[in-house]
Amino acid sequence: MSSPVLFIVASLIWGSTFWAITLQLGHVAPAVSVAYRFFLAAAALFAICLVRRDSLRLPWRTHRWMALQGGLTFGISYICTYESEQHIVSGLVAVMFALMVFWTPIWSRIFFGTEVKGRTWACGAVATVGVGLLFWHSISDAWQELKTGGDGHFLAGVVLALAATLASSAGSIVVNKVKEQSSNLPLTMAWSMLWGASMVAVWSLANGDAFILPDSATYWAGLVYLSIFGSVIAFFAYFTLIGRLGANKAVYIGVVTPVLSVLLSVQLEDYRPGLLEFLGMVLCLASVAWAVRAPAAKSVQSANLNNAIESP
């Protein structure tokens, strides 16, 4: 497949996965759906490795990094994402994930000492203003409701979405360590997803969640789509693009994805953004585009900026 086709495939899939998550809500606990999703995705990837006659064994030192990546990227991040979409529309969660372009270099600075250029901080400031405008009315209304005895669910959704982006960004910089141990991408993805799903399953059991099989065809259609398309095919397309075009161009998928997600929310979730919200989205997405076009992006490429956008 040509590079433009791969770009379109990954963007369309990831742009729709945030809404597809809403098909999973209300049937079982969100963490149970996360476990189901990545157990299925890991099984598909292991099947690919078996067809290729790859050995499934990896040394323990590699598993330590894959377990860390799985816990952060496919565990904490996705639990928070699924929980947040119970309180706010999926398009807003997708826009929050665009901020991962900034969280990743910050984590790289903290853990690896990678230099963060001034332009990156400027882009982050613009993005913060954009997110503030995007949520201004909703947060103001939620705050007033909270002061009058409301439950503040919207604010909880925003905090959970931010936590999801932070965890996913932290997981993205671990990918570099995994690659140092093994170049077999399908195999390391499979093990990382299996580690993440297993950790989520343990968390769910400790939390008393019931692992039941819903009788909803919509639920299972969403699960298959999220597992096979959102967690396997889109990542294969994305990583192929990185090999062909480089991280600085492939990361533009992360700019397109939130736009598609917001459009889906308008059509399918009755989301009606006003002028202030549209201005916030424009500022947020423009700052991301500015950041990935900037020379500062090169300083964090070694810390896996290519994996900075890990959409649900």
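L213 meets all of the listed conditions (1) more than 14 Å from L56 (Cα to Cα); (2) in a helix (DSSP H, G or I); (3) at pLDDT below 95 but one, namely (2). Against the definition (more than 22 Å from S198 (Cα to Cα) and hydrophobic (A, V, I, L, M, F, W, C)), how does F7 come out, yes or no? For F7, the condition - more than 22 Å from S198 (Cα to Cα) and hydrophobic (A, V, I, L, M, F, W, C) - is met. Identification of helices (runs of 4 or more DSSP H) wholly contained in the stretch 23-101 with 3 or more residues that are at pLDDT 85 or above and open to solvent by 60 Å² or more (accessible area, probe 1.4 Å) yields 30-51, 60-71. Any residue at all in the stretch 234-245 that is under 23 Å from V89 (Cα atoms) and assigned to a helix (DSSP H, G or I)? Checked against the condition, which is being under 23 Å from V89 (Cα atoms) and assigned to a helix (DSSP H, G or I), the stretch 234-245 yields at least one hit. All conditions but one from (1) in contact (Cβ under 8 Å) with a residue 60 or more places away in the chain; (2) over 17 Å from A234 (Cβ atoms) apply to I21; the one that does not is (2).
Matching residues to (1) crowded, with 16+ Cβ neighbours inside 10 Å; (2) under 21 Å from the mean Cα position of the chain (by Cα); (3) at pLDDT below 80; (4) within 22 Å of S287 (Cβ to Cβ):
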position	(1), (2), (3), (4)
G113	no, no, yes, no
L133	yes, no, yes, yes
W136	no, no, yes, yes
A142	yes, no, yes, no
V159	no, yes, no, yes
A167	yes, yes, no, yes
A170	yes, yes, no, yes
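Scanning the stretch 216-229 for residues that are of a type outside the set (V, I, T), touching a residue at least 60 places away in the same chain (Cβ under 8 Å) and part of a helix (DSSP H, G or I) turns up Y219, A221, G222, L223, Y225, L226, S227, F229. When the stretch 208-232 is filtered for residues that are open to solvent by 60 Å² or more (accessible area, probe 1.4 Å) and in contact with a Pro (Cβ under 9 Å, 6 or more places away or on another chain), only W220 remains.
Scan the stretch 193-207 for residues that are buried (at least 19 other Cβ atoms within 10 Å of the Cβ) and β-branched (V, I, T) and the total you get is 1. Residues in the stretch 259-312 that are farther than 18 Å from T165 by Cα, modelled with pLDDT of 70 or more and of a type in the set (S, T, N, Q): S265, Q267.
The values are calculated or read from the model by the stated rules, or taken from the named source; none is laboratory data. From a predicted model like this one, the values you see are computed outputs, not experimental measurements. Backbone-built Cβ (ideal geometry, glycine too); neighbour counts: all protein chains shown. Calculation scope for accessible area: heavy atoms of the full protein, side chains included, ligands and nucleic acids excluded. Shrake-Rupley method; radii C 1.70, N 1.55, O 1.52, S 1.80 Å.
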